[in-house]
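Here is the structure we will look at, set down as structure tokens.
The values are calculated or read from the model by the stated rules, or taken from the named source; none is laboratory data. Predicted model, so just to flag it, every value in this text is computed and none were measured. Because the Cβ atoms are built from the backbone with ideal geometry, glycine has one as well, and the counts that use them run over all protein chains shown.
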């Protein structure tokens, strides 16, 4: 049996500022109009400066998010994020200083909006932590069993995973970084959808950490393939992600939900696969339909996961072709786990 992970919950006030700024700066769907209005001006000024410096806007925000998630201040993270985004070394010092000032404006505006954010995040963490302590370990055990046909490796789950809790802005969101054994999630007080509780979102992202670690161990660091951006494979939310040749992210959705059904957390006769795919910003109705159809065909086949995922990849191929032609496959006009486009 695979050993279980110790999930450590951390209120992440600084990362909440970057998450909100990232969403507003990149035109993401935002459920908090007051926060959006407070951040529009400084984030627009940041984007204008990035364009002037010929730096890729999304890559900058992605790098900034990942650096702050790792514990750096937004000011300190500006320079490496600029370099990653293609800013000239001759411009980076001056540009970083200018952006740091605007980031301070974002922080001040966010603090004015949520003056007791640290305390609020502690309170918001309560429901998810309680649910995790009650059901989380069992869900991990069952998910690993389904992935590995009842024989998961002992080190499938990392010994510990840090869960960074950010202020909700999008009605539920999350992501992960398998290299750092880290996930992040919006600290929702209630489930975004009663069919798919936030505990499943957390289990899903933790599973992506395990998958990423396994791929690194077996294939080497970061396998890159040419795939349309509409079908991403791994993302640390508003941060970094990598691609592999198999759609692990989509294949894990019914596995996590099936684990929930085994523990009687889902009692409907049909798994809410389509709801989860859209709720977790993994694809639109067409993608959700393919995943549900794939699960109907393969759930009882007893095939190894790579074999089943190759079949899912073939079933998704027409959607990738459609995406190339019309850019029609988007779960959202912005998805935090789809950001290095």
Q. For residues in the stretch 80-91 being under 27 Å from the mean Cα position of the chain (by Cα) and not in a helix (DSSP H, G or I), which is surrounded by the fewest Cβ atoms within 10 Å (Cβ to Cβ)?
A. 86
Q: May I ask you to say which residue of 337, 323 is in contact with a strand residue (DSSP E or B) (Cβ under 6 Å, 6 or more places away or on another chain) and either modelled with pLDDT under 85 or closer than 17 Å to residue 149 by Cα (or both)?
A: 337
Q. In the list 90, 82, which residue meets the criterion of being outside the structural domain of residue 168 (by TED's automatic domain parsing), under 19 Å from residue 48 (Cα atoms) and modelled with pLDDT under 95?
A. 90
Q | Candidate set: the stretch 180-215, residues that are surrounded by fewer than 21 Cβ atoms within 10 Å (Cβ to Cβ) and in contact with a helix residue (DSSP H, G or I) (Cβ under 7 Å, 6 or more places away or on another chain); chosen: the one nearest to residue 258 (Cα to Cα) | A | 195
Q.
Looking only at the stretch 1-21, count every residue that is assigned to a helix (DSSP H, G or I) and either at pLDDT below 95 or touching a strand residue (DSSP E or B) at 6+ places or on another chain (Cβ under 6 Å) (or both) and tell me the total.
A. 3
Q | Yes/no for residue 40 being surrounded by 16 or more Cβ atoms within 10 Å (Cβ to Cβ) and at pLDDT 95 or above | A | no
Q. Among the residues of the stretch 53-66, is there at least one that is outside the structural domain of residue 180 (by TED's automatic domain parsing), closer than 30 Å to residue 148 by Cβ and in contact (Cβ under 8 Å) with a residue 24 or more places away in the chain?
A. yes
Q. Which of (1) free of Cβ contacts under 8 Å to residues at least 12 places away in the same chain; (2) buried (at least 17 other Cβ atoms within 10 Å of the Cβ) is the odd one out, the single condition residue 94 does not satisfy?
A. (2)
